[in-house]
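Some notes on the structure that comes next.
The values are calculated or read from the model by the stated rules, or taken from the named source; none is laboratory data. Every value quoted in this text rests on a predicted model; they were computed, and no experiment measured them. Ideal geometry is used to build each Cβ from the backbone, glycine not excepted, and the neighbour counts take in all protein chains shown.
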Amino acid sequence: MDVETSGKEQNTLDQQVPSVRKRRVGRITQNFFLHIHDTRVHLHSLKPTYTFGLGMILGFLFLIMIFTGVILMIYYTPSVETAYQSVKNIVFIVPGGRIVRNMHWWASQGMVIVVFLHLLRVFYTGSYLGNRSLNWVIGVVMLIVTLLSNFSGYLLPWDQLAYWAVTIGSNIAASARELTDLLGITSVIDPGGFLKKLLIGGETVGQPALSRFFALHVIFLPLTMLVLMSVHFWRIRKDGGLSRPAQYAGDKGGTNKWYAWPVLMWTELGILILVVVVVLFIALLTDAPLLEQANPSFPENPAKSPWYFLGIQELVSYSAFSGGLLIPVLYLVFLFSIPYKDREDRYVGEWFSGRKGLKLVLYSAGFALLLVISQLFVMVRYGWFRDWFPGISQWFVILLNPATITAVIFILLAEFTRRRMNSTRMGSLVLFTCAFVALVVFTVVGIWFRGPNWEFFWSTNHWPVL
Ligand code: HEM
C-alpha cells in the first residue's frame, strides 16, 4: 500500500479486497482449465524435455478419435453383409469421408506409439515413485485399453486385412490350449477356448465377433478410457502435480512456480492445434488400408495380427502357451508391480536416476539386443529343438524357447543387479530396459522379416510366389 494513501481511500480498498478476492476465487472455481491444473505449476515440470508433452498429446489424439469416430459411426453399419460396403461408401462417396477415416486411423496409430513413449518417459524419470504408484497402475490399465480399442477397431472394415488379423489375434487368445492339450484336459477345462469364445463369440470370426467388437469399440472401451483418463488427471493434481527431482520436492513457498493461466493454457492450445495439423497432414497424404472384402475361405499368407501384437505373434511361433500367455502375463505383472517393488523415492523426477542409471540402461539395452538377436540367428540358421530332435517332448518346446530363455536371463540379471547395487530402482531399470528392447526386436522381426508360413526373409522381394 502506498504510504500516501489517505484514510478514506484505504477504507474503500479494504472494502473492495474481499469482493476482489471473491471474484478471483470465483474465476478460478468456474474455470474448467484450472480444475485440470493447479493454479500454479512447477517450473521443472514445465521443461519441454521433461514430459515432451506426451500425456497431453495422448489426450488430444483421443479427442480426435472421439470426434472423427462419431462422424464415422453415422455412416458405418456393423453387419458382415454391409460393413465393407459402408466403409467403401465413407471413403468414395461421403464428402470428406476419406479424410475423416484417415484421421481416425492415423490418430489411433499415433496413440499406440505415443502411449509407449509416455510409458518410457514416466518410467525413466522415476515418476511412479513417491505417492504416484496408483496413477502408474491406472496408466498400465490405460495402455491395455489403448491396445484393445485399436484391436477392436481393426475388424470393423471387414476386409481381408481385418479378418485375418483378428483371426490371428483370437488364436493368440486361445494360447492356453497348447498346455491343456498337452495335459489332455482340454475337453474338461478349456480356458483358452473360453477366452477365444468370449472375444469372438465362436470358433471363427463372423457376425458375433463383429457385433462384439463394434460394441467394445464404440461404447465400452471409449467410456472406460474416459473414466480412466479423468481419474488419471485428477490423481496428477492429488499427487501434488507432476513429479520433480527431490531437491525441489520441499519447495512449498512457490518460488519455482508459475501461473498456469494463461501461459500454460495457450501452450496446450498450441499443442492441440499442432497435433490436429500433423494428423490432418498425414491423413491427406496417406490413406488408411482397405483391402478386398473379407473372404473366410481365402487366408492371407502370412496372416499377421496388428503390428503392435506382432512381437507376441513372433513368440507364439516358438510356443503358443509361453509366447501367447505366459510371457505377456509375466510382462504385465512386472509392469503393474514396479511401483510396489521399487520404493526408492530419492530417485523421483530425474532422467535415468543419474549417470549411474543411464550407464546401466545403455549396457542393458546392448545386452538385450545381443541376446535376442543371437538366439534368433541360431533359430533361423540352425533351427531349434524340434528340428534337432523331431521326437522331443512338447514340454521342452514350451519351456525352452527363445522367449522363455530370454525372460529367465533378464530376471536373473535384474536380481543380480539389485543385490549387487543394493538398489531396487537399478534392478527395475535393468529388467524394464531388457524387456522393452526384446519387445521391440521381436516386433520388428514380426513386421519386416516374417513372410509366408512365418519363414524368415530379409525383404518382401524374396517372398516366394505362392
Ligand atoms: C491413453 C493413455 C494415457 C493418457 C491420455 C495419459 C495422460 C497423462 C498426462 C496428460 C499426464 C501429465 C503430463 C505428462 O506426463 O505428459 C500424465 C502423467 C502420468 N502418467 Fe499418463 N497417460 C496415459 C497412459 C499412461 C501410462 C501407460 C502410464 C504408465 C504405466 C502412465 C502413468 C502416468 C504417471 C505416473 C503420470 C504422472 C507423471 C509425473 O508425475 O511426472 N500414463 N499422463
Filtering the stretch 187-215 for residues that are out of contact with any Phe, Trp or Tyr (no Cβ under 9 Å at 6 or more places or on another chain), of a type in the set (A, V, I, L, M, F, W, C) and within 28 Å of Ile74 (Cα to Cα) leaves a count of 3
The one condition Ser319 fails out of (1) closer than 30 Å to Arg386 by Cβ; (2) hydroxyl-bearing (Ser, Thr, Tyr); (3) out of contact with any Asp or Glu (no Cβ under 7 Å at 6 or more places or on another chain) is (3)
Would you check which residues across the stretch 262-278 are exposed (fewer than 12 other Cβ atoms within 10 Å of the Cβ) and in a helix (DSSP H, G or I) and list them? Trp266, Gly270, Ile273, Val277
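What residue, of Phe456, Phe410, Phe442, Phe396, is touching a strand residue (DSSP E or B) at 6+ places or on another chain (Cβ under 8 Å), of a type outside the set (D, E, K, R) and either under 22 Å from Gln313 (Cβ atoms) or outside the structural domain of Leu330 (by TED's automatic domain parsing) (or both)? I'd like the intermediate steps shown before the answer.
On the way: Phe410 fails: touching a strand residue (DSSP E or B) at 6+ places or on another chain (Cβ under 8 Å); Phe442 fails: touching a strand residue (DSSP E or B) at 6+ places or on another chain (Cβ under 8 Å); Phe396 fails: touching a strand residue (DSSP E or B) at 6+ places or on another chain (Cβ under 8 Å).
Residue meeting the stated conditions: Phe456.
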For the stretch 130-148, how many residues are closer than 26 Å to Arg346 by Cα, among the β-branched types (Val, Ile, Thr) and within 6 Å of the ligand (Cβ to nearest atom)? 1
Considering only residues that are surrounded by fewer than 22 Cβ atoms within 10 Å (Cβ to Cβ) and more than 8 Å from the ligand (Cβ to nearest atom), look in the stretch 117-129 and name the one that is nearest to Phe213 (Cα to Cα). Leu117
Would you confirm whether any residue within the stretch 357-364 is in contact with a Ser or Thr (Cβ under 6 Å, 6 or more places away or on another chain) and surrounded by 15 or more Cβ atoms within 10 Å (Cβ to Cβ)? yes
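How many residues are of a type outside the set (Asp, Glu) and either assigned to a helix (DSSP H, G or I) or not assigned by TED's automatic domain parsing to the domain that holds Glu81 (or both) when one looks only at the stretch 153-196?
As a first pass, look at the stretch 153-196 and keep what is of a type outside the set (Asp, Glu): 153-158, 160-177, 179-180, 182-189, 191-196.
This time we only want the ones that are either assigned to a helix (DSSP H, G or I) or not assigned by TED's automatic domain parsing to the domain that holds Glu81 (or both), so: 153-154, 160-173, 177, 179-180, 182-183, 191-196.
Of the residues in that region, 27 qualify.
Using the structure shown, decide if Gly139 is within 19 Å of the chain's Cα centre (by Cα) and not aliphatic (A, V, I, L, M).
Values: within 19 Å of the chain's Cα centre (by Cα): yes; not aliphatic (A, V, I, L, M): yes.
When the stated conditions are applied, Gly139 passes them.
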Given (1) within 27 Å of Ala173 (Cα to Cα); (2) outside any helix (DSSP H, G or I), identify the lone condition not met by Pro95. (1)
Could you list all residues from the stretch 445-464 that are free of Cβ contacts under 8 Å to residues at least 60 places away in the same chain and surrounded by 15 or more Cβ atoms within 10 Å (Cβ to Cβ)? Phe449, Phe457
Just one of Ala414, Ala438 is of a type outside the set (S, T, N, Q), in contact (Cβ under 8 Å) with a residue 60 or more places away in the chain and either surrounded by 13 or more Cβ atoms within 10 Å (Cβ to Cβ) or farther than 26 Å from Asn301 by Cα (or both); which is it? Ala438
